[in-house]
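The values are calculated or read from the model by the stated rules, or taken from the named source; none is laboratory data. What you see is a predicted model, and the numbers here were worked out from it, not measured in a lab. When we count neighbours, we look across all protein chains shown, and the Cβ atoms used for this are built from the backbone with ideal geometry, even at glycine. Just so you know, the surface numbers come from the protein's heavy atoms only, side chains and all, with ligands and any DNA or RNA stripped out. Shrake-Rupley method; radii C 1.70, N 1.55, O 1.52, S 1.80 Å.
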Amino acid sequence: MVRLIVGRGWGQGPQHSQSLEALFAQIPGLKVVLPTTASDAKGMLLAAIKDDNPVVFLEHRWVHYAMEHVPAEAVPAPLDGPKKIRKGDDLTLLASSYMTLEAIRAAEALGREGVGVDLFDLRVARPLTLSAVIASVKRTGRLLTVDTGWRAFGLGAEISAQVVEACFEHLKAAPKRIGLPGHPTPSSRALAKAYYPTSGDIAAAAADLSGLNETRIASLRQTLDAERSDVPFDIPHPSFKGPF
């Protein structure tokens with residue numbers, strides 16, 4: 001089991017801030033784990049250590065700020081996923097790692113606009129098991145994926161392809177995917193602000209997919225952007241804050 005840190009922050013650029021989960025997920029037989037919550041980080045780490053297969057355990061540096069109660073006992077958690085964390089009927093949203101935390105904020109804002117989000121945390125990129133997501137898309141007719149890696153050739157591309165193959169006739173709109181643009185990870189704060197997607201981007205894409213008009217989409221984005229206007233862009237939102 002190899003434990004690695006990925007993700008953004010503090011101008012570390014391509015040397016330390018790349019998210020290479022899609023690269024690792026290309027390899028058959030290699031398990032790729034992406035915990036989001038504190039309880040999953042502990043339980044899945046224990047399971048990864050015990051697993052007889054090679055496991056790459058990728059922790060986004062910003063999920064270290066997420067807090068919740070974690071049992072004191074050493075209890076492994078299943079290396080499986082995706083896990084549903086919110087139920088809705090209008091849109092299926094599948095996020096991974098730190099972007100799940102941004103997706104939660106987006107889903108809450110969308111809920112206030114009357115858009116119900118069926119939200120999943122991916123947890124494991126390989127093996128990729130999408131039966132629950134496919135069942136959800138057959139019900140909602142819409143899919144949005146969000147991950148911390150590059151959009152092109154990324155997890156979202158593979159997930160979208162599998163979902164379209166499984167339930168094309170149920171889709172009400174073409175799936176959307178959010179990821180990083182096709183450029184090296186920047187060190188400059190000004191470039192980074194334009195490089196990384198936010199909860200506002202997620203909410204806007206989901207709202208557009210769900211058929212909301214431009215005025216409501218703009219209002220959603222403005223509200224979410226304003227919530228972190230006093231927070232420096234290169235640190236997590238305070239709602240995720242915890243021990244590093």
Enumerated helices (runs of 4 or more DSSP H) restricted to the range 127-239, each holding at least 1 residues that are more than 23 Å from L91 (Cα to Cα), among the aliphatic types (A, V, I, L, M) and in contact with a Pro (Cβ under 6 Å, 6 or more places away or on another chain):
189-195
Out of R123, R139, report the one residue that is within 15 Å of the chain's Cα centre (by Cα), of a type outside the set (F, W, Y) and surrounded by fewer than 24 Cβ atoms within 10 Å (Cβ to Cβ).
R123
Candidate set: the range 2-16, residues that are open to solvent by 90 Å² or more (accessible area, probe 1.4 Å) and more than 10 Å from A192 (Cβ to Cβ); chosen: the one farthest from the chain's Cα centre (by Cα):
Q15
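This table checks each residue for (1) modelled with pLDDT under 95; (2) touching a Ser or Thr at 6+ places or on another chain (Cβ under 9 Å); (3) of a type outside the set (D, E).
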| residue | (1), (2), (3) |
| --- | --- |
| V137 | no, yes, yes |
| R142 | no, yes, yes |
| T145 | no, yes, yes |
| G154 | no, yes, yes |
| Q162 | no, no, yes |
| E165 | no, no, no |
| F168 | no, no, yes |
| A173 | no, yes, yes |
| R177 | no, yes, yes |
Taking the condition in contact (Cβ under 8 Å) with a residue 24 or more places away in the chain, open to solvent by less than 20 Å² (accessible area, probe 1.4 Å) and out of contact with any strand residue (DSSP E or B) (no Cβ under 9 Å at 6 or more places or on another chain), does T145 pass?
no
Out of the residues in the range 63-83 meeting the condition of being acidic (D, E) and more than 17 Å from the chain's Cα centre (by Cα), tell me which one is nearest to F120 (Cα to Cα).
E68
